[in-house]
Amino acid sequence: MDRIVIFLLYVLVTGAFGDQTPSFDRTEVPSVTWPDWMSHLPDYLPLSALAIPGTHDTMAFFGGSLAECQSWSLREQYNSGVRFLDIRCRHYQNRLPIFHGVSYQRTDFLQVLTDTVNFLRDHPSETILMRVKEEYEPYQNTRSFYQSVAEVLNQVGQQWFLRSDRLPTLGEARGKVVILQNFSTKGEGPDFGPPYPGPMSISDEYEVNDDTVKWAEVERHLTVAQNGDPERAYLTYCSGVHWLLYTPESLARRINPRVLDYLNQKTSFGSRRRSVGVVIMDFPGAELVRQIILDNWV
């Protein structure tokens, strides 16, 4: 009986600690935070050239194993150092609830922006890159998606958003949100921010049949980014899913450690033109986030 108790305790303890590793975190609070890391970088740097940690389907906390992609709240993601968000809004009765596929995430675009502005008030040296995408099917709307987005931005305050058709410098963007517009204006008005994907180089192989193949693509694009144009943004999605083989969590457990190992081998990178760019993850660990940030100084 004692052996059974000891074994069960061992399983519980290792399971708990296994949910928070340097590269993967399924807990609610990151082990290390770095909320002001952009304050240590000069204003003249273009955002396109920075190494920036990001999260895929940033607000996907609900819907079961195939829908859930994160465990840190938005505030904790910001505290950890995440500065790229992937925000998916469904257009529903002229409102913008957050969805991942068919799964409602129990919040909306207005709340996401309100929480973001509150963070920027406390940390004015930082900036947020926010991909905004229309998700799932529109339902009972009397206006366009563009008009609903415009209304929410007006509610929050236009002063918090940098309206530009290009990625600005860090100095221009401090204390503001830069929207990467992943939807059409349909001629209704000016863009909210740079078009997504536009001229960006993006690797987003999200349908994964083999994690080894997925990792090879992630590694390839991280290497491409380091030898690319500093004026061009490079976004590498480390995330993916397969309805039978991989949940976002199980794939992150396989890919995230490889990303961290890759970043830890900086001495093998040799001469390069720039950073690894924006690295976008499911369930990132705090050390993985930190190593992406530190790539700005290598």
* Could you grab the relative contact order for segment 156-289? Cα pairs under 8 Å, six or more apart, rounded to a whole percent. => 22 percent
* Asked: Which percent of the accessible heavy-atom area of the chain goes to carbon and sulfur, probe 1.4 angstrom?
  -> 54 percent
* Hey, got the dipole for the chain? About the Cα centre, +1 on K and R Cβ, -1 on D and E Cβ, debye to the nearest 20? -> 380 debye
* Structure fact -> Dividing the helical contributions, -39500 (n - 2.57) per DSSP H run of n ≥ 4, by the residues of the chain yields a 222 nm value, nearest 500 deg cm²/dmol, of -10000 deg cm²/dmol
* Cβ charges +1 (Lys, Arg) and -1 (Asp, Glu), total dipole of segment 187-298, debye -> 520 debye
* Structure fact -> Under the rule rounded for a/c under 1.5, else prolate if a/b exceeds b/c, else oblate, using alpha carbon gyration tensor axes a ≥ b ≥ c, segment 186-298 is classed as oblate
* Give the long-range amide H neighbours of ILE52: residues separated by 5 or more places, or on another chain, with amide H under 5 Å away, using H modelled in the peptide plane at 1.01 Å from N. => GLY277, VAL278, VAL279
* Asked: Among rounded, prolate and oblate, which fits segment 126-245 when a ≥ b ≥ c are the square roots of the eigenvalues of its C-alpha gyration tensor, a/c under 1.5 means rounded, and a/b larger than b/c means prolate?
  -> oblate
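What do you get for chymotrypsin sites (Phe, Trp or Tyr not before Pro) in segment 203-269 restricted to DSSP loop and a cutoff of at most 12 other Cβ within 10 Å of the site's Cβ? Write down the numbers at each step before the final one.
Details: sites: TYR206, TRP215, TYR234, TYR237, TRP243, TYR246, TYR262, PHE269; in loops: TYR206, TRP243, PHE269.
Sparse-neighbourhood loop chymotrypsin sites (Phe, Trp or Tyr not before Pro): TRP243.
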* **Listed candidates (i) 132; (ii) 163; (iii) 145 - label of the one calculated as volume of the Cα convex hull per residue in Å³** => (iii)
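For the chain, report the accessible area per residue in Å² (1.4 Å probe, heavy atoms, rounded to an integer).
Working: 13380 Å² over 298 residues.
It amounts to 45 Å² per residue over the chain.
For the chain, what number of Lys pairs, 8 or more residues apart or on separate chains, have alpha-carbon atoms under 30 Å from each other?
Numbers: LYS133/LYS176; LYS133/LYS186; LYS133/LYS214; LYS176/LYS186; LYS214/LYS266.
Total qualifying Lys-Lys pairs in the chain comes to 5.
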* Amide H contacts under 5 Å for ASP57, placed H, 5+ residues apart -> ASP86
* Asked: If you count the DSSP beta bridges with both ends in the chain, what percent of them are antiparallel, to the nearest 5?
  -> 25 percent
* Within segment 114-210, list the GluC sites (Glu not before Pro) lying in a DSSP loop whose Cβ has at most 12 other Cβ atoms in a 10 Å radius. => GLU188
* Asked: Relative contact order of the chain: what whole-number percent is it, with Cα pairs under 8 angstrom and at least 6 residues apart?
  -> 25 percent
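The values are calculated or read from the model by the stated rules, or taken from the named source; none is laboratory data. Just so you know, these numbers come straight off a predicted model, no measurement behind them. Virtual Cβ from ideal backbone geometry, glycine too; neighbours counted across all protein chains shown. Each accessible area value is taken on the protein alone, full model and side chains, heavy atoms only, with ligands, DNA and RNA left out. Shrake-Rupley method; radii C 1.70, N 1.55, O 1.52, S 1.80 Å.
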